[in-house]
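To start, the structure itself, in structure tokens.
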2 protein chains.
Amino acid sequence: METELCKVDEALSILVGKWKPIILLHLFNRGTLRFSELKRLMPDITQKMLTKQLRELEEEDIINRVVYPQVPPKVEYSISDYGRSLQPVLDVMHEWGSTHTQHMQEKKS
Amino acid sequence: METELCKVDEALSILVGKWKPIILLHLFNRGTLRFSELKRLMPDITQKMLTKQLRELEEEDIINRVVYPQVPPKVEYSISDYGRSLQPVLDVMHEWGSTHTQHMQEKKS
DNA sequence: CCGGATCCCCGCGGATACTG
DNA sequence: CAGTATCCGCGGGGATCCGG
């Protein structure tokens, strides 16, 4: 097996998920955010999905989840130190995606 | 809508597909390859899936597909000029994926 | 040699309602 | 406020067989 050297799939396994990139974008931009703040930033996501995507990112050590034991509940999310290593990856993908959008528009004309 | 500026999903839409990264890796490494050669390099993929993934990559202008009208058939695949713009993206993802593999191993210990 | 056509399974993601 | 619990549709991906 030589082709097991393709580690692109490892990166994909972290990033794939309908809302993960946008969640990471918000956390990178704004630092720490509460659950309800994230929800407000993404009106179309359901609570279930937001919870699920956050849990998966937490499981991979990409984000921190801090629960404040109080009433009403308060939970804050932020990019972990390890998660910050994803920054260049997201940057490159975002940049390529932008040019790709252009490429597709030119294709139509 | 400010968050429509997240173009990471555009890149993902091209790369997501169980066999796409590995297919691209082979084509980047070896240049032009026939269908049967790709199949041989990926013993576990079915013909149907190989065909499908290649068609999708072709649809996005990432790869070239050249058919030689002869018997027996001969079809060659290669990275398109536009597809080469993906190189840095794949590089960064591959690199991050490698360190991530390490990260997971340390986690177990 | 290079596919297309069919059938099937499974997990992602959405809708909705309920709780401490 | 920040989640569970349940139900369900859809599409990705595999197995298998057929065709030029």
Scanning region B:19-51 for residues that are charged (D, E, K, R) and within 12 Å of DNA strand C (Cβ to nearest atom), the one surrounded by the fewest Cβ atoms within 10 Å (Cβ to Cβ) turns out to be B:LYS48
Taking region B:32-75 and keeping only residues that are more than 14 Å from every other protein chain (Cβ to nearest Cβ) and assigned to a strand (DSSP E or B), one is left with B:ARG34, B:ILE63, B:ASN64, B:ARG65, B:VAL66, B:VAL67, B:TYR68, B:LYS74, B:VAL75
Reported set for region A:76-105 where residues are more than 11 Å from chain B (Cβ to nearest Cβ) and over 18 Å from the mean Cα position of the chain (by Cα) is A:GLN105
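Every residue, every condition in (1) within 16 Å of DNA strand C (Cβ to nearest atom); (2) not aliphatic (A, V, I, L, M), yes or no:
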residue	(1), (2)
A:LEU54	yes, no
A:ASN64	no, yes
A:LYS74	yes, yes
A:LEU90	no, no
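Conditions tested, residue by residue: (1) surrounded by fewer than 13 Cβ atoms within 10 Å (Cβ to Cβ); (2) within 16 Å of DNA strand D (Cβ to nearest atom); (3) more than 16 Å from A:LYS20 (Cα to Cα); (4) polar (S, T, N, Q).
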site	(1), (2), (3), (4)
A:GLN53	no, yes, no, yes
A:GLU58	no, yes, no, no
A:PRO69	yes, yes, yes, no
A:VAL75	no, yes, yes, no
A:ASP81	yes, no, yes, no
A:ASP91	no, no, no, no
A:MET104	yes, no, yes, no
Residue check for B:SER78: of a type in the set (S, T, N, Q), farther than 23 Å from A:VAL89 by Cβ and in a helix (DSSP H, G or I): no
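Rule-based calculations on the coordinates, nothing more; no lab input. Predicted model, so just to flag it, every value in this text is computed and none were measured. Note: ideal-geometry Cβ built from the backbone for every residue, glycine included; neighbour counts use all protein chains shown.
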